[in-house]
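The structure under discussion appears below in the form of structure tokens.
The values are calculated or read from the model by the stated rules, or taken from the named source; none is laboratory data. Since this is a predicted model, take the numbers as computed values, not measurements. Here the Cβ positions follow ideal geometry from the backbone for every residue, glycine too, while neighbour counts run over all protein chains shown. Keep in mind that these areas ignore ligands, DNA and RNA; they rest on the heavy atoms of the full protein, side chains included. Shrake-Rupley method; radii C 1.70, N 1.55, O 1.52, S 1.80 Å.
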Amino acid sequence: MYEGRKRTFKECEYFTVITACKDYQVVRSIMVKCFLKVGKPAEYEWAEVMQRWIAPNGKHVTFARLRQTMGTMYYDLWLFYTPLELRRENYKYNLIYSATICPFMTVTHELRKRGFKRYFYGQSPLNFFHVLLTNSRIETLLKTGQTKLLKYFIEHPHDNIEDYWQSIRICLRNGYKVHDATIWRDYIDALKYLGKDIRNMKYVCPQNLYHEHDKACKKVIEKELEKEIRENTPKFLSKEQCYLLSKGRFFGLSFSDGLIRVKVIESVKEMILEGKAMHHCVGNYYTREDSLILSATINGKRIETVEVSLSQMKVLQCRGVCNSNTEYHDRIISLVESNAELIRKRMSA
């Protein structure tokens, strides 16, 4: 029984309706307001606040109500009395998304033809429909059941799927299903670096992906350590300079929850040593423009390595020794995401 002092409550949530109008796929966003007062039945108010109309070629337009934008930090203070009208595209419309989707949906023939069967694999309907309608590679992955690769390449647009398509074709031809797209992608990168044939089923479709990945990445790290750190080659110094220019604004950034300390890796050498110590492939991540690599430690001992997407401002992966998760895994991710604003401030500094 509720015994607090608060007597009234107001909650707002969204749900999504998927429907079609002729050849256009329509994603409709509904806002529901709930008013609760102790001792009285709940009162509900709802309104459709936005529609995204998607053409067969993947292009879209937005019909939406007006929003109150002056004097507030909120981006979804809808003015319900205004009509749904064609609006200029605004990135904030993409933030209006609910994973609660009405199970009764109507889908266009074009999307059914491309393999869509009600599942969005963690993506917003607008983004998923757009990619499916404009990228034949994503269509192929969907139809062949390579959903882990599909999800990875949608969420990592900076990684060009064409760079891996030869290897993906070998997987498809041999019925090999990738269950960990991140590890598999890193493994293919390591094979390329080592000069292996990435069109050979022996390499591309390993029975034990994690074992082969760790073995290949260990060779990469040893090769870089021997050739560059020891010799201190001009090529290595150039890499250090490029890394400084790319990520120097984040140097010195660290935060802690009292037990775990997370800090930005501040050099290529430090990153390679991190990969060697943790027996994973972070040692060659220094070229990733969209990624910020951090090391999580307890009393100076490495426990996990964290990769953060600078464009999405979220943790892409967090790996311990040999890509395993420690007992602190969830706590580390929570610590990094709760301090994302510190990273964002360095980006705009």
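Applying the criterion of at least 2 residues that are surrounded by 11 or more Cβ atoms within 10 Å (Cβ to Cβ) to the strands (runs of 3 or more DSSP E) found wholly in segment 1-93 leaves 8-21, 24-37, 43-54, 60-64. Quick check on residue 175: is it out of contact with any helix residue (DSSP H, G or I) (no Cβ under 9 Å at 6 or more places or on another chain) and in a loop (DSSP other than H, G, I, E, B)? Spelling it out, residue 175 is indeed out of contact with any helix residue (DSSP H, G or I) (no Cβ under 9 Å at 6 or more places or on another chain) and in a loop (DSSP other than H, G, I, E, B). Whether a residue is among the acidic types (Asp, Glu) and closer than 19 Å to residue 214 by Cα was assessed, and residue 240 does not pass this test. When restricted to residues that are among the small types (Gly, Ala, Ser) and surrounded by 15 or more Cβ atoms within 10 Å (Cβ to Cβ), segment 99-116 contains 1. Entry remark, segment 300-349: residues being part of a helix (DSSP H, G or I) and not aliphatic (A, V, I, L, M) number 13 in total.
Residues of segment 258-285 being under 22 Å from residue 309 (Cβ atoms) and small (Gly, Ala, Ser), which ones? Of everything in segment 258-285, those that are under 22 Å from residue 309 (Cβ atoms) and small (Gly, Ala, Ser) turn out to be 267, 275, 283. The condition of being crowded, with 19+ Cβ neighbours inside 10 Å and charged (D, E, K, R) holds for only one of 223, 218, 247, 263, that being 247. What do you reckon, is residue 111 at pLDDT 95 or above and within 29 Å of residue 190 (Cα to Cα)? The answer is no for residue 111.
Filtering segment 145-172 to residues that are touching a helix residue (DSSP H, G or I) at 6+ places or on another chain (Cβ under 6 Å) and open to solvent by 70 Å² or more (accessible area, probe 1.4 Å) leaves only 148.
Within segment 117-131, residues that are polar (S, T, N, Q) and crowded, with 16+ Cβ neighbours inside 10 Å have Cβ atoms under 8 Å from residues that are modelled with pLDDT under 95 and not in a helix (DSSP H, G or I) in these pairs: 124/97, counting only partners at least 6 apart in sequence or on another chain. Checked against the criterion of being modelled with pLDDT of 95 or more and closer than 20 Å to residue 102 by Cα, segment 130-152 contains one or more residues that satisfy it.
On the basis of being free of Cβ contacts under 8 Å to residues at least 60 places away in the same chain, surrounded by fewer than 15 Cβ atoms within 10 Å (Cβ to Cβ) and out of contact with any helix residue (DSSP H, G or I) (no Cβ under 7 Å at 6 or more places or on another chain), does residue 297 make the cut? No; evaluated as a whole, the condition is false for this residue.
Just one of (1) under 24 Å from the mean Cα position of the chain (by Cα); (2) closer than 27 Å to residue 153 by Cβ fails for residue 57. It is (1). Would you mention how many residues in segment 326-349 are over 21 Å from residue 279 (Cα atoms), in contact (Cβ under 8 Å) with a residue 60 or more places away in the chain and open to solvent by 20 Å² or more (accessible area, probe 1.4 Å)? The number of residues fulfilling the criteria is 6. Pairing residues of segment 233-261 that are free of Cβ contacts under 8 Å to residues at least 24 places away in the same chain and closer than 23 Å to residue 301 by Cα with residues that are open to solvent by 30 Å² or more (accessible area, probe 1.4 Å) and acidic (Asp, Glu), at Cβ distances under 6 Å and at least 6 apart in sequence or on separate chains, gives 251/266. Kindly check whether there is at least one residue in segment 305-325 that is of a type in the set (S, T, N, Q), farther than 20 Å from residue 285 by Cα and either surrounded by 13 or more Cβ atoms within 10 Å (Cβ to Cβ) or under 17 Å from the mean Cα position of the chain (by Cα) (or both). No.
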